[in-house]
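Since the structure comes first, as structure tokens, the remarks are kept for the end.
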Amino acid sequence: MDIKQLTYFIQIAIDQSYSVAAKKLYISQPALSKVVKNLEQELGVKLFYFSGRKTKLTDDGSLLFEKSKKLVEDFNEILSMAGNNSMMEAGHVAMGIPPILGSCFLVDAVMAFQKLYPNIDINLVEKGAHLLQQEVFLGLLDIGCVLAPVYSDQFDIASLVDDESVLLVHRDHPLAARKSVTLDELRDERFVIFNEDFTLYHKILSGCRDAGFEPNIAVTSSQWDFLVELVSQNYGISILPRPILIKYHQPNIRMIRIEHGGIAGWNIVIISRKDRYMSSACRRFIDYLCENIRPFPGRPL
């Protein structure tokens, strides 16, 4: 039994005539009769009987008609969906992002994507980039936005944002008028920075140690707005991605370029596990983000 046989059977039942159905199906009447005969032999039941000039369904034929009609409708819907790519326009994507990325970059892009593809559900999970790599690797997330470089060769990588991290100080801080600073100049400062779940934490720690000192870390947090508020109150200095202060201007805070490539680079990439299947919805979402996320203009002084 196949879909074509059921389609022929349904048409005969609707028209109550082999000859009428044969014309609509563009098949000869003898060929159509042979299809029904083969179907009856396969099922071991009689499907039609003749009542005057009309072809009527038997009880078994009526049962098959009700069951097969839905089956053929579903099959034709699948063909239609495949033909217009609508199957690619439905699905679910679980994506991990650093907290700052959602605030600075993703809100508008995700909203626009959802308008284009309302049947693709996007689940955004906010965590530090360090944790996100682990969860993408374990399959708990489909994709993740993390801070480059990504050292594992287990991931496929797509570039998303290319910006920089900067030093944040209060406007009354002795360094506030500077255009740039070296890490060595920060050895006596009090740091308020992202916690150890974030790649930036480890980059700051490593950079300071390379400069010959252990940073005095007074506060760590997963909340960038809390860290910014601490700097605005002159409680300490911080190193955070530049887009925070570009989008959320704080009059009490000055941004200063850091002369250290290992810390200054803030390059966000999308990672996915190499050896794991990626859905069409997920690929479409990645392509959309890479094409539509735009960097913030300007550079810090």
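Given a Förster distance of 25 Å, report the FRET efficiency between ASN38 and SER62 from their Cβ-Cβ distance, rounded to the nearest 0.05.
0.80
For the chain, what value does the Rg/Rh ratio take when both radii are computed over Cα atoms and Rh is the Kirkwood radius, given to two decimals?
Expressed as Rg/Rh, it is 1.33.
Work out, in µm²/s and without decimals, the Stokes-Einstein translational diffusion coefficient of the range 205-263 at 20 °C, 1.002 mPa s, Rh from Kirkwood over C-alpha pairs.
Calculated translational D: 168 µm²/s.
If I compute solvent accessible area with a 1.4 Å probe over the protein chains, what percent of it on the range 143-301 is carbon and sulfur?
In the range 143-301, the share of accessible area belonging to carbon and sulfur is 47 percent.
If you add up the charges near SER152, with Lys and Arg at +1 and Asp and Glu at -1, over every other residue whose beta carbon is less than 14 angstrom from its beta carbon, what do you get? Spell out each step's value before the answer.
Values: positive: ARG273, LYS274, ARG276; negative: GLU135, ASP153, ASP156, ASP275.
After counting each charged neighbour, the total is -1.
Report the convex hull volume per residue for the range 21-60, counting only C-alpha atoms, in Å³.
74
Just the ratio, please: alpha-carbon radius of gyration of the range 91-226 over 2.2 N^0.38 Å, N its number of residues.
Relative to the 2.2 N^0.38 Å estimate, the range 91-226 comes out at 1.23.
Tell me the label-point distance for the pair ASP156, ASP197, using the 7 Å Cα-to-Cβ offset, in nm and rounded to one decimal.
Each label point lies 7 Å from its Cα, and together they span 2.8 nm.
Dipole of the range 167-301 (Lys/Arg Cβ +1, Asp/Glu Cβ -1, origin at the Cα centre): which of SER280, PHE194, GLN233 lies farthest to the positive side?
Toward the positive end, the furthest listed residue is SER280.
So, counting K/R as plus one and D/E as minus one, what does the shell of residues with Cβ under 9 Å around HIS92 add up to?
-2
Viscosity 0.890 mPa s, temperature 25 °C: Stokes-Einstein D of the range 154-301 from its Kirkwood Cα radius, in µm² per second?
After rounding, the answer is 148 µm²/s.
Rounded to a whole number of µm²/s, how large is the Stokes-Einstein D of the range 220-301 at 37 °C and 0.692 mPa s, given Rh as the Kirkwood radius over C-alpha pairs?
209
More than 16 angstrom separation, counting every C-alpha pair in the range 118-182; what % is that?
Roughly 62 percent, once rounded to a whole number.
Sequence-distant or interchain residues sharing an amide H contact under 5 Å with LEU141, placed H: which?
Those qualifying (amide H under 5 Å, at least 5 residues apart or on another chain) are VAL136.
Over the C-alpha atoms of the range 1-156, what are the Rg and the largest Cα-to-Cα span, Dmax, in Å?
Both quantities, over Cα of the range 1-156: 26.9, 80 Å.
How charged is the neighbourhood of ALA177? Take every other residue with its Cβ under 12 Å from the Cβ of ALA177, and add Lys/Arg as +1 and Asp/Glu as -1.
Value of the local net charge: +3.
Over the Cα atoms of the range 103-151, Rg to Rh with Kirkwood Rh, two decimal places?
1.02
Enumerate the helices in the chain for which the Kyte-Doolittle hydropathy averages -0.5 or more and the C-alpha atoms extend at least 27 Å along the helix's axis, using complete DSSP H runs.
59-83
Express in nm, to one decimal, how much length is gained between ASP108 and SER28 on full extension, taking 0.36 nm for each residue of separation and deducting their alpha carbon distance.
Result for the pair: 23.0 nm of gain on full extension.
The values are calculated or read from the model by the stated rules, or taken from the named source; none is laboratory data. As the structure is a prediction and not an experimental result, all values here were calculated from the model. Neighbour counts are summed over all protein chains in view; Cβ atoms, including those assigned to glycine, are modelled from backbone coordinates with ideal geometry. Note: accessible area is taken over every heavy atom of the protein model, side chains too, but ligands, DNA and RNA are not part of it. Shrake-Rupley method; radii C 1.70, N 1.55, O 1.52, S 1.80 Å.
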